[in-house]
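First the structure, in the form of structure tokens, and then the observations on it.
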Amino acid sequence: MADIMLTTKATAKGGREGHVKSDNGVIDLDLSMPKGDEIPSGVSNPEQLFAAGYAACYDGALNLMASKEKKKIDSSITSEVSLMKDSADGGVKIGVVLHVNIEGVSQGEAEELAHKAHDFCPYSKATRGNIDVELVVTAK
């Protein structure tokens, strides 16, 4: 592996109907398999955790790209992670839609920053070529 900058851990037990806990205890959640399109209250699932991580990482990359271009922005990212049928093997796969909302720049500038962030973001790099990721960019 390359020069490691950070290592963190989380332990899962019981799979999708189990429990997950981070090494520092901040994440300490029961998990539940979604029933259709419903997520039971009081529990989480791996897709929500992935959505939260991707949204945070991407927003950090977006703000870094804006600062490099000396643009002052206010942004929010909503990451939609979907489970979908995989026709290739009859199993299940995930897809992501990143809703990128940026204040302080034009629509064209927002789209340019969004694509630069997508090229830079570690989550985007990790998923590139593996899952479908769609960017929906809105300048305000």
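A few comments on the model shown:
- Taken as a whole, the structure places residue 103 among residues that are charged (D, E, K, R), touching a Lys or Arg at 6+ places or on another chain (Cβ under 6 Å) and at pLDDT 95 or above.
- Take the conditions (1) modelled with pLDDT under 95; (2) within 17 Å of the chain's Cα centre (by Cα); (3) charged (D, E, K, R); residue 125 misses just one of them, which is (1).
- Of all residues in segment 94-134 being among the aliphatic types (A, V, I, L, M) and part of a helix (DSSP H, G or I), the one that is nearest to residue 37 (Cα to Cα): 126
- The requirement of being at pLDDT 95 or above and touching a Ser or Thr at 6+ places or on another chain (Cβ under 9 Å) is not satisfied by residue 42.
- Cross-chain or 6+ apart pairs with Cβ under 8 Å, segment 94-109 first and assigned by TED's automatic domain parsing to the domain that holds residue 74 and of a type in the set (S, T, N, Q), then modelled with pLDDT under 95 and not in a strand (DSSP E or B): 101/140
- Looking only at segment 23-56, and only at residues there that are part of a loop (DSSP other than H, G, I, E, B) and among the aliphatic types (A, V, I, L, M), the one that is surrounded by the fewest Cβ atoms within 10 Å (Cβ to Cβ): 26
- Qualifying residue in segment 36-50 (condition: on the phi > 0 side of the Ramachandran plot and of a type in the set (Gly, Ala, Ser)): yes
- A residue that is under 18 Å from residue 126 (Cα atoms), of a type in the set (Asp, Glu) and in the same structural domain as residue 96 (by TED's automatic domain parsing) cannot be found anywhere in segment 1-22.
- Number of positions in segment 62-93 that are within 21 Å of residue 36 (Cα to Cα) and not in a strand (DSSP E or B): 5
- Restricting attention to segment 6-22, the residues being assigned to a loop (DSSP other than H, G, I, E, B) and loosely packed, with under 12 Cβ neighbours inside 10 Å number 5.
The values are calculated or read from the model by the stated rules, or taken from the named source; none is laboratory data. For clarity, every value in this text was computed on a predicted model and none was experimentally measured. As a convention, Cβ positions derive from the backbone with ideal geometry for all residues, glycine included, and neighbour counts pool all protein chains shown.
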